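Enquirer: Sharing a structure, written as structure tokens. Questions coming.
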Amino acid sequence: MVAKMGEDIPHLHAQQPNNPWLDALHRLMRNRAAVVSALFLLLLIMLALLADVISPYSPTAADFANIRVSPTPAHLLGTDEVGRDLFSRIIYGARISLFVGIIVQTISTLVGIILGLIAGYYGGMVDTVIMRLVDIMYSLPNFLFAVFMVSLLTPDIGSVILTLTIAGWPFSARLMRGQALLAKKTEYVVAAEAVGAGNWRIMFSHVLPNSLTPIIVQYTLGIATVIMAEAGLSFLGIGIRPPNPTWGGMINKGREFIRTSPHLAIYPSIILGLTMIAFNFLGDGLRDALDPRMKK
Amino acid sequence: MVRYFLQRSAFIIFSLFGVTFLAFMASRLAPGDPLRLMAGDQNLPAEVIANWEARYGLDQPLLVQYAYYVGNALQGDLGTSYHYIGTPVTQLLGPAILVTLKWESVALVFAIALALLLGTISALRHNTWVDTSAMTVALVGISLPDFALATFLIVIFALRLDWLPVAGYETPAHYVLPAITLAARPCALLSRLVRASMLDVLSQDYMTTARAKGLPERVVIIRHGLRNALFPVLTVIGILIGRILSGSFIVETIFNIPGIGRLGVTAVLQRDYPIILGATLSLAFAFLISTFFVDILYGVLDPRIRIAD
């Protein structure tokens, strides 16, 4: 085949293969929704980290002279039923939401990766035990499990993190197991075995790095699921307790005043909704960027 | 097919035992002794406590207690509520389950019908503005939490426009907002799936053959396209039923519907373990049964599954 002018000639690049991660980043940058979402999430993370500096008021300080004030220059998003500044509470709420989301998703993904790798790579009895446990977890709707577990524990941030981690690991375990099963049959694993590499070495330096793409996508989407579950538990009043500023708790309290002061429920709902949308758009964008074949 | 059926049945029974076992053990190991919870603020003498323990079998080893619980559950006895002392759990759960079934089936039918329509249209109008906007709306639908969506719906349709009631369950009009709230996420997920599945099917040779035979487009799309596109969708419907069931906690709380979700949440706040356990197990049971039916239906509709086993 004769290459036309300006066309890519594959063998010319043979000396310097393109970095696949860089390629993926380029593809991601072309996805407008994903870029906007990433910027939004960065901004949210900054706000959460700098909450002490940025927020104009304490998130828990009541001011009974200014109860349920509509948005004004002094209180950008108004005040709540005991006069706390809504904008400050939303910023501090971001801290809790993102903290829970990232911690839970990180731990449950790590646990899932390890168990999934072991199950998929070793197979046999270990596989059966781990996967039966995964099956049981899958047979309970996730939020139902969370409500049940939290009901048995003391309602604080630790219980919420523990519960959502236990609820979350089966997803990454099942994903990782599938990837490990596929990888086991590949030539590079057979080659590694042939040169006498140990099981752990094969699992963590060959199988895992080659299975990262779906895990990264699931990690991103999973943070959204965790944040939503945390907000759901707080909304029901069984998660992180007031006066901690959680978005779910704020929406729940705001519902009582929805006729007279709808802003109490609406602003936290908007920020929570935007955060979910951003994580989902970013996750979708990552999937398309990391694995272009999957794009429909 | 028989083997497939038996395999699925064995799996469901195994899962049911697994779920009841884990849930039962967790509820017994939870902090807060049931009898103290039943007694509330009263200070009971040790003899009374011992008497009650013997009566409820709480002095037995955990495994024996579990065996009792399962034995009683199989006879339709899930114990009595701690909060409404003496009231059987089944008496509280029964009516609540009926209420939930009633309004959630509306939501499920609505979600599936709309998803089939949206997904099919998107696939047929692939890469046009119709497709892009439908799928963007779907992604927003997946992203929006129930309670945030409910807040917007209530403010707009109940308070500003005054078209629908804010909460309650007396008339069909009361079902509209909760059903939309609950249906939004499953519908969005499903429509994306229907679209992807339909796109796969549309490029198949048998679609070209069907058109070449001169069949009207409507018949080609529905009988040859949609029917084949539905297989992967079916499995997900089982999962969606699970989501819808657990969605009842939030949506029933928001709209004040006296179903199993609201009962469960109230029980959690009151630490009424027998009800929590009963509600959890009923929902898990409903979920398992629905996945079971979906699996069986899948086997009936797709011969490849039967033969593979």
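Rundown of residues vs (1) more than 15 Å from the chain's Cα centre (by Cα); (2) within 30 Å of residue A:205 (Cβ to Cβ), yes/no style:
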{"site": "A:43", "(1), (2)": "yes, no"}
{"site": "A:52", "(1), (2)": "yes, no"}
{"site": "A:55", "(1), (2)": "yes, no"}
{"site": "A:60", "(1), (2)": "yes, no"}
{"site": "A:65", "(1), (2)": "yes, no"}
{"site": "A:72", "(1), (2)": "yes, no"}
{"site": "A:108", "(1), (2)": "no, yes"}
{"site": "A:120", "(1), (2)": "yes, yes"}
{"site": "A:127", "(1), (2)": "yes, yes"}
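Enquirer: Does any residue of the stretch B:126-143 turn out to be buried (at least 16 other Cβ atoms within 10 Å of the Cβ), within 14 Å of chain A (Cβ to nearest Cβ) and under 19 Å from residue B:255 (Cβ atoms)?
Expert: The answer is yes; a qualifying residue exists.
Enquirer: Next question, about the same structure. Could you check, for the stretch B:234-247, whether at least one of its residues is at pLDDT below 85, in a helix (DSSP H, G or I), more than 14 Å from chain A (Cβ to nearest Cβ) and over 30 Å from residue A:232 (Cα atoms)?
Expert: Checked the stretch B:234-247: no residue is at pLDDT below 85, in a helix (DSSP H, G or I), more than 14 Å from chain A (Cβ to nearest Cβ) and over 30 Å from residue A:232 (Cα atoms).
Enquirer: Listed residues A:151, A:139; which is farther than 27 Å from residue A:99 by Cβ, surrounded by 20 or more Cβ atoms within 10 Å (Cβ to Cβ) and within 13 Å of chain B (Cβ to nearest Cβ)?
Expert: Answer to the check: A:139.
Enquirer: For the stretch A:260-280, how many residues meet the condition of being crowded, with 18+ Cβ neighbours inside 10 Å and in a loop (DSSP other than H, G, I, E, B)?
Expert: 2
Enquirer: Next question. When you scan the stretch B:253-275, how many residues do you find that are within 11 Å of chain A (Cβ to nearest Cβ) and either outside any helix (DSSP H, G or I) or under 16 Å from the mean Cα position of the chain (by Cα) (or both)?
Expert: Count: 10.
Enquirer: Among (1) in contact (Cβ under 8 Å) with a residue 24 or more places away in the chain; (2) under 29 Å from residue B:170 (Cα atoms); (3) surrounded by fewer than 24 Cβ atoms within 10 Å (Cβ to Cβ), where does residue B:250 come up short?
Expert: (3)
Enquirer: Specify which of the listed residues (A:239, A:196, A:232) is among the small types (Gly, Ala, Ser) and away from chain B (no Cβ under 12 Å).
Expert: Checking each option against the conditions leaves just A:196.
Enquirer: Suppose the filter is touching a His at 6+ places or on another chain (Cβ under 8 Å), under 26 Å from residue B:141 (Cα atoms) and more than 9 Å from chain A (Cβ to nearest Cβ); does residue B:231 pass it?
Expert: no
Enquirer: Within the set of pairs 6+ apart or on separate chains, which have a first residue in the stretch A:77-92 that is farther than 16 Å from residue A:48 by Cα, a second that is surrounded by fewer than 24 Cβ atoms within 10 Å (Cβ to Cβ) and among the small types (Gly, Ala, Ser), and C-beta atoms under 7 Å apart?
Expert: The qualifying pairs are A:78/A:70; A:82/A:62; A:83/A:62; A:83/A:65; A:84/A:61; A:84/A:62.
Residue-wise test of (1) in contact with a Phe, Trp or Tyr (Cβ under 8 Å, 6 or more places away or on another chain); (2) of a type in the set (A, V, I, L, M); (3) in contact (Cβ under 8 Å) with a residue 40 or more places away in the chain; (4) surrounded by 24 or more Cβ atoms within 10 Å (Cβ to Cβ).
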{"site": "A:221", "(1), (2), (3), (4)": "yes, yes, yes, no"}
{"site": "A:231", "(1), (2), (3), (4)": "yes, yes, yes, yes"}
{"site": "A:238", "(1), (2), (3), (4)": "no, yes, yes, no"}
{"site": "A:243", "(1), (2), (3), (4)": "no, no, yes, no"}
{"site": "A:282", "(1), (2), (3), (4)": "no, yes, yes, yes"}
{"site": "A:287", "(1), (2), (3), (4)": "no, no, yes, no"}
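Enquirer: Applying the selection to the stretch A:245-259, what residues are surrounded by fewer than 24 Cβ atoms within 10 Å (Cβ to Cβ), part of a loop (DSSP other than H, G, I, E, B) and more than 10 Å from chain B (Cβ to nearest Cβ)?
Expert: Matches in the stretch A:245-259: A:256, A:257.
The values are calculated or read from the model by the stated rules, or taken from the named source; none is laboratory data. Nothing here was measured: the structure is a model prediction, and the numbers come from that model. FYI the Cβ positions are ideal-geometry reconstructions off the backbone, even for glycines, and counts take in every protein chain you see.
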